[in-house]
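First comes the structure, then the notes that go with it.
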Amino acid sequence: MKRRLQCGRSWLRIACWTGAVLVIYHLVHITYYLLCCAVPPGLAMDQRHDLWSESILDYFLKKDLIKAKDGAEIIWEHAANSKEKLRQALRSDVHMIEADVLLRGAGHREPIMAHPPDTDSDINLQDWLSEVSASSKGIKLDFKSLEAVLPSMKILDAMKDNLHQPVWINADILPGPGGKVTVDEREFLQIVTSFFPNVTLSLGWTTAWHPDRSNEGYSWEMVREMEKICKNLSQLVTFPVRAALVRQSWPQLQWLLQTSDRYSLTVWSGKDDIYPVEDLLYIRQNSGDDQIFYDVLEPQNSELKQALKRKQQAKKQH
């Protein structure tokens, strides 16, 4: 009887130990799965979109599409708001393709690529992104109205797994020299960052420029207000500034640049703006090569590149 009891206890111990081993085995496998396989959605998204928070200079340098970490090396295509302009840009040697987003004026109010006063286009945002996604070219989406932002972010979010290039989100959120209407900065930033907390932001001022009269530059009040908005952000921010106004505003813009190493300037020009290329050379001389991008029209674009080429050749000779 004793022997049977002892034998029963032995089998019970073996059963308990076997059960414990099986439990531990399954726990180890579950833990491994959770750590290595089942990455939480938020973490997966962050890892996938590290590219969207990366400097475009680092991206194109790694792709061997530029030779130096220099904003002047980036080639831009501006207002690629039609199928033909987009296809031309995709066939060209440009690095960044910029297009404007608004809601179609009639019928199904979907996001389309158009610049006011246009209210229609032959290409919508979804098709535009699909075309660009097959390339290594960067994307800059310029929002002219707040109403287009939320539906566009939803489309971008649905397509994010297919977009493996840099993405910039742009809006004019403050009135600048001669400017008035802007996109509401609080709502714009809340919507964009709720979808993409690390995406590079391009935040500017509305401006006007008149050839027949004196034009004021960016004031201290304007740049301080922008700094106040951006200092609590964590991602890269570039400030689009009008080329015809940068020279006279350089003390203010230089101060803004120096408040954070996350900041850069993107200099742009209107088709009727008049200014000398020396203005661009001056701000370049007084800033880091990686701090300023030049999205300017001709003839200043070619004049700038020629001047920089001459300077580089002179360095080699010495």
Taking Cα pairs under 8 Å and at least six residues apart, what relative contact order does segment 86-245 come out at, in percent? 18 percent
Distance in nm between pseudo-label sites at residue 302 and residue 219 (7 Å out along the Cβ direction from Cα): 3.9 nm
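Calculate, in nm to one decimal, what residue 254 and residue 194 gain on full extension: separation in residues at 0.36 nm each, minus their alpha carbon distance.
On the way: separation 60, 0.36 × 60 = 21.60 nm, distance 3.02 nm.
Here the segment from residue 254 to residue 194 would lengthen by 18.6 nm.
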Can you list the residues, at least 5 places off or on another chain, whose amide H is less than 5 Å from the amide H of residue 292, using H built in the peptide plane? 71, 265
Can you tell which of 155, 136, 119 lies farthest toward the positive end of the dipole of segment 117-163, using +1 and -1 charges on the Cβ of basic and acidic side chains (Lys, Arg; Asp, Glu)? 136
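With the Cα gyration tensor of segment 174-318 giving a ≥ b ≥ c as the square roots of its eigenvalues, does the rule (a/c under 1.5 for rounded; else a/b larger than b/c for prolate; else oblate) give rounded, prolate or oblate?
Numbers: a/c = 2.06, a/b = 1.39, b/c = 1.48.
Because a/c hits 1.5 or more and a/b fails to exceed b/c, segment 174-318 counts as oblate.
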Give me the Debye-computed log₁₀ of I(q)/I(0) at q = 0.17, 0.29, 0.30 Å⁻¹ for segment 75-130, equal point scatterers on Cα only, no solvent, two decimals. -0.49, -1.16, -1.21
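With N denoting the number of residues in segment 145-200, provide Rg(C-alpha) divided by 2.2 N^0.38 Å, to two decimal places. Display every interim value, and only then the final one.
On the way: Rg = 12.6 Å, N = 56, 2.2 N^0.38 = 10.2 Å.
Here the Cα radius of gyration is 1.24 times the empirical estimate.
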Quick check: convex hull of the Cα atoms in segment 78-220, volume per residue, rounded to a whole Å³? 134 Å³
Starting from the amide H of residue 80, placed 1.01 Å from N in the peptide plane, find each other amide H under 5 Å away whose residue is 5 or more places distant or on another chain. 98, 99, 100
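When the convex hull of the C-alpha atoms of segment 174-219 is computed, what volume per residue in Å³ does it have? Can you show the working numbers first?
On the way: hull volume 3.7 nm³, N = 46.
Dividing the Cα hull volume of segment 174-219 by its residue count gives 81 Å³.
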Here, residue 231 and residue 262, labelled 7 Å along Cα→Cβ, have an inter-label distance in nm of 1.3 nm
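Just so you know, all these numbers are worked out from the coordinates, no wet-lab data involved. For clarity, every value in this text was computed on a predicted model and none was experimentally measured. Cβ coordinates were reconstructed from backbone atoms using ideal geometry, including for glycine residues, and neighbour counts include every protein chain displayed.
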